[in-house]
Amino acid sequence: MEQGQEAIQVEDFYHLADTALEIIIRFDKEGNILYGNQQAKTELGYGEELAGVNISSVFPAELQSEGGEISLDKVASMKEGMMYRKNGTCFPVRMTAFVDGAKNLLFAINVAKRIETERKLVRMKEEMEETIKVRNEFVANVTHELRTPVNGVKGHVTNMLEAGVTAEQKRTLDIITRCCENMSAIINNILDFSKLEAGKFTLEQKEFNFYQMVNHAVETNITAITAKGLHIIVNMDKTIPEYLIGDELRLTQILNNLLSNAVKFTSIGYINIEVTKTVQFDDEVELFFVVSDTGIGISQEEKDKLFKSFSQVDASITRKYGGTGLGLAITKQLVELMDGTIHLDSEKGKGSSFSYSVRLHVAQDKKEDVNVRGQFEFINQNQDMANFENMGEIFHYGTVENAEELRNKMEKLIICMEVGAWDKAETFSHNIKALVEEAPQEVKKAAFRLEMSVRKEKYDKAVEQYNGLKNLLEESIGGM
Ligand code: ADP
């Protein structure tokens, strides 16, 4: 005995053993129980009569052999079994036995509850999977069925437009077409989402022109970008191979979703797309995309909600901008299917920057066209980054960037007023007010009054105030 260590007395051991949750049994080499702790006495139902009972009566299934002798080696090897009570009922246990001949020890714990819980969990999991399966099938069927009438409406509108309609009717039919397109987009999103959830989504592996893909995604959004007076910059790493193998449609969908969100949530400034090649080995490449904007931004708390299905950061934003909140959830899953990750950097009011990576294969025997970038309208055309480097200056009244943006928005505003596009005019007049935040009081007041008249859709008044503001701006910063 080392100094300082106390010997555990037999009484101490029994005392400790009585507080244990396990059943503890000591037995001799014939299997006769010498001692059982409190738990053993209670659980097995023998009470004080436990000492003297043979262990083979406690484990009849495992230990009662015809010869009547128990095998200590058998006891030592038992890890689980059924323990029988005095009254003939039983319960499952996990156990450990220490066997050394004369005095042997067995520790066992009743696992009936745990096994029951595990069974329940398995049952719940199966039920949940079944529910999800039924739900996904339902969603798939309903969305499929919805497509037909939407396409029907679209087709009839096209027929009517072709048959010739008045300008007023055309406006209404154009609205119907847009509604149908929105509805189709929502239906497609729901369909994609349910397929992704069910794990039934497979990516195509086909050769495509990567530059063309990026160009198409920009083209799809260009009308909205120019209508809002935004700038777009697309910069692509020259070392990215022209032809790649992957799912072009889904890659476009990812880029398009981020790009259309950037357009939706930005009213002044620019949208920037950067694509770089981060890794290339053998025939595999990893591409890194950044889609950034100078829009309304997303706060930290809001960030946590993104990428989850049906989540929009703010219900009031939903009403203003529309959408189902499925876009980013789908985007994230698609990126992950392409062995990539997606990340967001943003600050409320200061724009957002979504970055993601994807892995693709290089098409082997395709001849590269060195001038490929020149063929595509939006790629590396706006190379003069110097113009945009100072974009942060856009809100500082009197800077070149600010004057340029003001000129741009004033031009757009008057056009919208002339054609009676009051919704858009309101956005532009609001932007103008934001751009003159640091201007002298009289300029600020003029911008404020202009916004009020535009909001009330008072054409004459608005034009008068427009001219007033224009003169003031000309005096103050020139060249309006
Ligand atoms: P939806 O399909 O409704 O647009 P998304 O999943 O694409 O849904 O986006 C969810 C929400 O994330 C949007 O409603 C918006 O609040 C926020 N969000 C997404 N992109 C941007 C962005 N570029 N700038 C600011 N907010 C954004």
Name every residue in the range 236-264 that is surrounded by 19 or more Cβ atoms within 10 Å (Cβ to Cβ), over 30 Å from residue 431 (Cα atoms) and within 16 Å of the ligand (Cβ to nearest atom), in order of residue number. 250
I'd like the full set of residues that are assigned to a helix (DSSP H, G or I), open to solvent by 40 Å² or more (accessible area, probe 1.4 Å) and modelled with pLDDT of 60 or more, limited to the range 310-345. 332, 333, 336, 337
May I ask you to verify whether residue 436 is open to solvent by less than 60 Å² (accessible area, probe 1.4 Å), more than 42 Å from the chain's Cα centre (by Cα) and modelled with pLDDT of 90 or more? no
Among helices (runs of 4 or more DSSP H) entirely inside the range 32-109, those with 2 or more residues being open to solvent by 40 Å² or more (accessible area, probe 1.4 Å) and among the polar types (S, T, N, Q) are 38-44
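Going by what's in this entry, would residue 128 be described as surrounded by 11 or more Cβ atoms within 10 Å (Cβ to Cβ), outside any strand (DSSP E or B), under 26 Å from the mean Cα position of the chain (by Cα) and not β-branched (Val, Ile, Thr)?
Working: surrounded by 11 or more Cβ atoms within 10 Å (Cβ to Cβ): no; outside any strand (DSSP E or B): yes; under 26 Å from the mean Cα position of the chain (by Cα): yes; not β-branched (Val, Ile, Thr): yes.
No.
Listed here are the residues, each with its yes/no results for (1) outside any helix (DSSP H, G or I); (2) open to solvent by 50 Å² or more (accessible area, probe 1.4 Å); (3) farther than 29 Å from residue 134 by Cβ.
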{"residue": "172", "(1), (2), (3)": "no, yes, yes"}
{"residue": "182", "(1), (2), (3)": "no, yes, no"}
{"residue": "187", "(1), (2), (3)": "no, no, no"}
{"residue": "190", "(1), (2), (3)": "no, yes, no"}
{"residue": "195", "(1), (2), (3)": "no, yes, no"}
{"residue": "203", "(1), (2), (3)": "yes, no, no"}
{"residue": "207", "(1), (2), (3)": "yes, yes, yes"}
{"residue": "213", "(1), (2), (3)": "no, no, yes"}
{"residue": "234", "(1), (2), (3)": "yes, no, yes"}
If residue 421 satisfies every condition in (1) under 37 Å from the mean Cα position of the chain (by Cα); (2) under 15 Å from residue 227 (Cα atoms); (3) crowded, with 18+ Cβ neighbours inside 10 Å but one, which is the exception? (3)
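The values are calculated or read from the model by the stated rules, or taken from the named source; none is laboratory data. Keep in mind the model is a prediction, meaning the values are calculated, not measured. Cβ sites come from the backbone with ideal geometry, for glycine too, and all protein chains shown count toward neighbours. SASA here: full protein model, heavy atoms, side chains in, ligands and nucleic acids out. Shrake-Rupley method; radii C 1.70, N 1.55, O 1.52, S 1.80 Å.
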